[in-house]
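Worksheet for the structure shown next.
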Amino acid sequence: MSTYDQIVSLPLCAGLTGLGLVLSYLVMRRRGLGSGLRGAAWSLLPLAAYLTGSVKMFWKIGVAIADFAKGFVFSTEVWSGIAVAGLAVLLFVVSGPLRRRSKRSQLGQRSQRDQRGQDQQAVGAAKAGSGGREIAPRTAPVATTASSPAPVKARKGKNAADDDDDLGDVEDILRRHGIT
């Protein structure tokens, strides 16, 4: 039993297949057998879609997409959902740099606390070793923050190869980040 959809689909698919096969023959004469056969393969797809019932399926998919779009455009509930989703995306985007900034400031504060703790330990050890009198540390403490990293020791010309063995670079990097 044929319906109106099938009556319209058959001539359309057969016409597309016939037109494609004629064009494939012309392409084959101009560009060669490989291009012509590829064109013929593409040309047979509309007829195959009709015979397998896929045209009906594609039509239903198209109708469903159109109904969704129609309900999407005219629905205030849907637009409210889109606004909330946009706000969520905006908050995610804004929170990224803020989290990085807060982590940097926490690292800077932590390294300053570690530096102060080390200085106090050095002073305490100096007091214990000097019989209770207070001795100042030999070097002034270097305050490290995220914006001003600790200075790196320069290598000495000929001894540069020797420094690789004792992992001095790794120690400098760890010290710069406040890890001791």
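Numbers for the structure displayed
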item	result
Filter result for TYR25 (modelled with pLDDT of 95 or more, open to solvent by 100 Å² or more (accessible area, probe 1.4 Å) and more than 42 Å from the chain's Cα centre (by Cα))	yes
Residues of segment 43-79 satisfying the condition of being open to solvent by less than 90 Å² (accessible area, probe 1.4 Å) and in contact (Cβ under 8 Å) with a residue 40 or more places away in the chain	TYR50, VAL55
Segment 80-110 - residue that is open to solvent by 100 Å² or more (accessible area, probe 1.4 Å) and not hydrophobic (A, V, I, L, M, F, W, C) and, of those, modelled with the highest pLDDT	ARG99
Close pairs from segment 20-42: first touching a residue at least 12 places away in the same chain (Cβ under 8 Å), partner loosely packed, with under 12 Cβ neighbours inside 10 Å and assigned to a helix (DSSP H, G or I), Cβ under 7 Å, at least 6 apart	none
For ARG113: the one exception among (1) open to solvent by 100 Å² or more (accessible area, probe 1.4 Å); (2) at pLDDT 90 or above	(2)
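The values are calculated or read from the model by the stated rules, or taken from the named source; none is laboratory data. These figures come from a predicted structure and were not determined experimentally. Heads up, the Cβs are rebuilt from the backbone with ideal geometry, glycines too, and the neighbour counts pull from every protein chain shown. Heavy atoms of the whole protein, side chains included, go into the accessibility calculation; ligands, DNA and RNA do not. Shrake-Rupley method; radii C 1.70, N 1.55, O 1.52, S 1.80 Å.
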